[in-house]
1. More than 23 Å from Leu158 (Cα to Cα) and at pLDDT 95 or above: is that true of Leu76 in this structure?
2. What do you reckon, is Arg39 free of Cβ contacts under 8 Å to residues at least 40 places away in the same chain, basic (Lys, Arg) and in a loop (DSSP other than H, G, I, E, B)?
3. So which of Leu54, Leu78, Leu50 is part of a loop (DSSP other than H, G, I, E, B) and surrounded by 18 or more Cβ atoms within 10 Å (Cβ to Cβ)?
4. Go through region 1-24 and give me each residue that's small (Gly, Ala, Ser) and within 12 Å of the ligand (Cβ to nearest atom).
5. Kindly establish whether Val27 is more than 12 Å from the ligand (Cβ to nearest atom) and crowded, with 23+ Cβ neighbours inside 10 Å.
6. Could you tell me how many of the residues in region 108-122 are surrounded by fewer than 16 Cβ atoms within 10 Å (Cβ to Cβ) and either over 16 Å from the mean Cα position of the chain (by Cα) or of a type in the set (Val, Ile, Thr) (or both)?
Amino acid sequence: MRVLIVEDEQRLADDLKRTLTAQNYVVTHSKDGEDAWFRGDTEDFDLVILDLGLPRMDGFSVLKRWRANGRGMPVLILTARDSWRDKVDGIDSGADDYLTKPFRMEELIARVRALLRRAVGQSSPVLSNGDVEIDTRLRTVTYRGMPVSVTPLEYRLLTYLMHHPGKVFSPAEISAHIYEEDIDRDSNAVEVVIARLRRKLGGPLIENRRGQGYFIPAEGQR
Ligand code: CA
């Protein structure tokens, strides 16, 4: 899952980045409204954490422009304490949820998980499909009830496909959602990671559609 953090306070941005990376999200950071608007408009993010007071373009304008252009990713806004006006305006501008500064990172993470689930119509923090289950709170994977050890990259790929059952993704689309921007991708190409996951998870979970890409069939689609 790829998350865009838009925050001009460097220390908070660093904290957010560290927390989300530790939770296995792929994180991109943007420090001003214009850069954020451009990235959100041209790149594919699963979720955005958006501060409202930003240099060059304020958060409300960024959000309104995305929504006007049909960009529908979930957006969590960060508002100043006691500013009910910001919350109302933010939600009217198209935000899905808000957090008031200062906040606990635990609360942020819980809200991020809930927004990602809701965006794909899932209400439970446990994703299950066939014999495989992922607990997104603990970041654990089980196969037929037995724990399976997966690398962070394998976890990100599996979670991404499990969040979108039945949807086919090209290797390039998958790459965009699971790799840190500066990682060496060669030895960890999407195909290689999928082959490893298939071995660990008993084979048939991840399927491919020739010339199009990979998918995990929805329950009942097998
Ligand atoms: Ca700010």
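The values are calculated or read from the model by the stated rules, or taken from the named source; none is laboratory data. The structure presented is a predicted model; accordingly, all values stated were derived computationally and were not measured. We place every Cβ from the backbone using ideal geometry, glycine too, and count neighbours over all the protein chains shown.
1. Working: more than 23 Å from Leu158 (Cα to Cα): yes; at pLDDT 95 or above: yes.
For Leu76, the condition - more than 23 Å from Leu158 (Cα to Cα) and at pLDDT 95 or above - is met.
2. No: the conditions fail for Arg39.
3. Only one candidate qualifies: Leu54.
4. Selection gives Ala13 alone.
5. no
6. Residues flagged as surrounded by fewer than 16 Cβ atoms within 10 Å (Cβ to Cβ) and either over 16 Å from the mean Cα position of the chain (by Cα) or of a type in the set (Val, Ile, Thr) (or both) within region 108-122 amount to 1.
Quick grid of which residues meet (1) acidic (Asp, Glu); (2) within 18 Å of the chain's Cα centre (by Cα):
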residue: Thr42; (1), (2): no, yes
residue: Asp46; (1), (2): yes, yes
residue: Leu52; (1), (2): no, no
residue: Met57; (1), (2): no, no
residue: Ser61; (1), (2): no, no
residue: Trp66; (1), (2): no, yes
residue: Gly70; (1), (2): no, no
residue: Leu76; (1), (2): no, yes
residue: Arg85; (1), (2): no, no
